[in-house]
1. Output yes when any residue across region 322-336 is charged (D, E, K, R), within 24 Å of the chain's Cα centre (by Cα) and away from the ligand (no atom under 16 Å from the Cβ), and no when none is.
2. For region 512-522, enumerate the residues that are closer than 9 Å to residue 481 by Cβ and either in contact with a strand residue (DSSP E or B) (Cβ under 7 Å, 6 or more places away or on another chain) or at pLDDT 95 or above (or both).
3. Check residue 566 against each of (1) out of contact with any Ser or Thr (no Cβ under 6 Å at 6 or more places or on another chain); (2) buried (at least 20 other Cβ atoms within 10 Å of the Cβ) and name the one condition it does not meet.
4. For region 354-367, give me each residue that is away from the ligand (no atom under 15 Å from the Cβ) and buried (at least 24 other Cβ atoms within 10 Å of the Cβ).
5. Pick out the one residue from 339, 374 that is within 16 Å of the ligand (Cβ to nearest atom), of a type in the set (Val, Ile, Thr) and surrounded by fewer than 24 Cβ atoms within 10 Å (Cβ to Cβ).
6. Please pick out the residue among 324, 304, 312, 274 that is in contact (Cβ under 8 Å) with a residue 24 or more places away in the chain, assigned to a helix (DSSP H, G or I) and over 20 Å from residue 451 (Cβ atoms).
7. Does region 399-445 hold any residues that are within 16 Å of the ligand (Cβ to nearest atom) and among the acidic types (Asp, Glu), and which are they?
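The values are calculated or read from the model by the stated rules, or taken from the named source; none is laboratory data. Bear in mind the structure is a predicted one, so any value in this text is a computation, not a measurement. In this analysis, Cβ positions are derived from the backbone assuming ideal geometry, glycine residues included, and neighbour counts consider all displayed protein chains.
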Amino acid sequence: MCGIVGYAGKRAAVDILIRGLKRLEYRGYDSSGIAFVRGDRIEIIKSEGRIDNVEKMAAKFAETSPGGNLNDVHFGIGHTRWATHGKPTTQNAHPHRTGHVVLVHNGIIENYQELKKKLVARGHQPQSETDSELFGFLVLEEMEKGASLMNGVRLAFDSVEGACSVVVMSERELGVLVGARRGGSPLVAAIDPEGGAILASDAQPLIDITREVIFVEQGDVVVGDSKGVHFFDLKSGAPIQRKTTRLDWSVETLSKQGFAHYMLKEIHEQPTALVDTFNGLLDLAKRGDPDPFPFADREVAKLLESASDIVLIACGTSWHAALLGKYWIERWAGVRVSVELASEFRYRQPVLAPQSLVIALSQSGETADTLAVVRQVNGLGNKTMGITNVRGSTLSREATAVLYTSAGPEIGVAATKTFSAQLLSLLIIAGHLGSKKGRKLEPVFDELLRVPHLLAGELAGTLASRAHAVAKAIAGYKGFFFIGRGYSFPIALEGALKLKEIAYVHAEGYAGGELKHGPIAMIDPNMVVVVLAPRDSWREKTLSNLEEVKARGAVVLAIGDPSDEALKQASHHWIALPEGARELDECWAPFFLSPVVQLLSYELALLKGTDVDKPRNLAKSVTVE
Ligand code: F6R
């Protein structure tokens with residue numbers, strides 16, 4: 001995982017690096033550092049812990065060192081780390097110096113042990129426990145033999161195995177940044193219109209400078225200096241051309257806009273994320289009978305229509321979205337859908353029919369396991385489709401076709417609005433395929449237009465205040481079960497994941513019908529059971545499950561329709577879904593339940609005092625398996 005950023009140009013580099021790292025902190029946040037050029041030397045400031053530490057150290061450096069004005073620094077690199085090799089200590093933090101070479105690295109060097117032995121035998125003395133530092137020795141050796149920095153980096157890749165990105169500089173070639181990408185660790189480059197170059201693990205650090213960005217492909221080397229960027233082939237060194245993409249994200253979307261946390265802001269942005277996703281996916285001019293869900297992208301539509309069956313693959317929250325996709329696509333389109341965890345699928349011998357379409361869901365578009373499946377399936381000759389929130393992400397470039405959700409940048413590590421946007425994209429797929437099969441789904445489309453309004457009407461008011469009050473009442477309990485049936489089952493899984501992830505509380509999600517098969521043994525008066533029971537086809541059965549856990553002493557929090565007096569009476573705590581939701585088809589319940597369980601986890605996390613936006617041990621983009 002890890003985030004990297006590099007700048008060479010005319011602006012104050014340290015400021016760009018620190019601001020950039022803060023935007024990349026979601027990728028890892030156990031230690032960080034910057035390296036920058038002053039005179040003919042590269043200075044390094046690094047620390048364990050958050051980027052704030054490095055920011056303070058840089059301010060102190062500016063105050064205390066002679067000529068320490070950092071506004072005169074125009075060239076540097078930075079890194080925020082999610083530890084893989086070696087503990088999150090200052091020593092292991094990047095940038096790493098090996099002689100005159102200084103580098104930052106994202107990814108894993110798989111032949112690390114063997115490489116380390118060889119380098120030590122050749123007289124090098126690694127100062128850290130990381131695999132990353134070894135890459136620096138390789139560049140150094142090549143430069144000592146006469147290679148330029150760019151060729152040194154290229155040649156170093158011959159000795160390492162595994163996917164990674166690096167940004168490297170050297171005191172021998174001050175003013176030059178060399179970035180390279182091999183495999184799944186993303187890198188984005190841009191020309192600074194004021195003269196210069198910026199590189200980073202994603203586009204967020206670039207946005208203050210420009211919206212015209214170039215996604216570095218795997219197998220590319222990019223050289224940046226005060227004149228701009230140039231691309232070369234990693235293997236041959238031959239110059240290559242890369243296309244510029246204009247981003248539709250703005251600087252404003254990257255700020256908290258008055259919310260206490262990004263996660264809270266993103267929960268509240270769900271109505272907008274739904275509207276934008278729906279507008280982005282559909283060609284509204286072509287809308288009508290027989291297809292109320294015409295995809296704007298014809299390739300996407302063609303692929304879907306020619307599939308004999310669909311395999312949805314994903315990890316984590318995206319996998320929960322996929323589970324719901326199965327319910328909807330099977331219900332409306334009658335197309336067989338299987339749902340697979342990418343990390344399991346990739347190491348099986350999966351059986352696909354020739355026309356099976358594999359759809360990979362990944363908000364980041366960079367999840368290592370998910371990408372591995374896409375590559376595997378592409379290799380088998382089957383078609384693949386990506387559903388991602390990030391334009392230019394690896395998934396968007398490697399899948400046969402791509403469908404973008406338009407949730408805007410999601411910075412909180414816990415997925416919230418991207419999940420809802422994924423749900424909507426799957427529902428639209430179901431609607432499109434169902435319409436092609438003659439199902440009359442116009443009413444579903446009409447309801448789609450109402451969902452964001454209903455949600456927006458209550459999200460900031462009733463739902464948020466109920467979640468706050470209930471969280472206070474249940475915060476002290478030992479553990480949580482989330483139960484639901486039908487469309488509520490994947491939300492039960494998601495609710496439990498959110499709670500574990502940001503509040504570090506033990507929580508499990510179950511299909512209501514599974515309780516008797518073992519988990520009910522856990523129920524006692526120290527356990528809270530969150531019962532997801534909207535007025536749908538499964539409500540009666542879910543209510544029976546509620547009674548069973550209540551009879552065994554559980555504290556019951558029910559989430560259901562505001563008019564459901566029976567449910568309210570049966571539970572100890574209660575959160576009502578938005579008025580008006582019950583007039584809609586039951587397929588929409590997840591769009592209301594999901595923000596409620598997100599808010600509940602958020603409130604419980606606040607009470608526990610955890611770091612909501614950057615929960616421990618996690619990173620938003622899981623680019624290693
Ligand atoms: C949980 C969460 C993770 C991700 C998972 C896959 O809140 O965000 O479980 O869903 O790491 O990430 P993507 O969707 O980027 O492939």
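1. Yes: one or more hits.
2. 515, 519
3. With (1) out of contact with any Ser or Thr (no Cβ under 6 Å at 6 or more places or on another chain); (2) buried (at least 20 other Cβ atoms within 10 Å of the Cβ) applied to residue 566, the lone miss is (2).
4. Quick first cut of region 354-367, residues away from the ligand (no atom under 15 Å from the Cβ) only: 354-357.
The one that is away from the ligand (no atom under 15 Å from the Cβ) and buried (at least 24 other Cβ atoms within 10 Å of the Cβ): 357.
5. The match here is 339.
6. The unique qualifying residue is 304.
7. 410
Here is a yes/no grid of residues against (1) assigned by TED's automatic domain parsing to the domain that holds residue 352; (2) within 16 Å of the ligand (Cβ to nearest atom); (3) within 22 Å of the chain's Cα centre (by Cα); (4) among the acidic types (Asp, Glu):
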site	(1), (2), (3), (4)
260	yes, no, yes, no
266	yes, yes, yes, yes
272	yes, no, yes, no
277	yes, yes, yes, no
292	yes, no, no, no
295	yes, no, no, no
299	yes, no, no, yes
307	yes, no, no, no
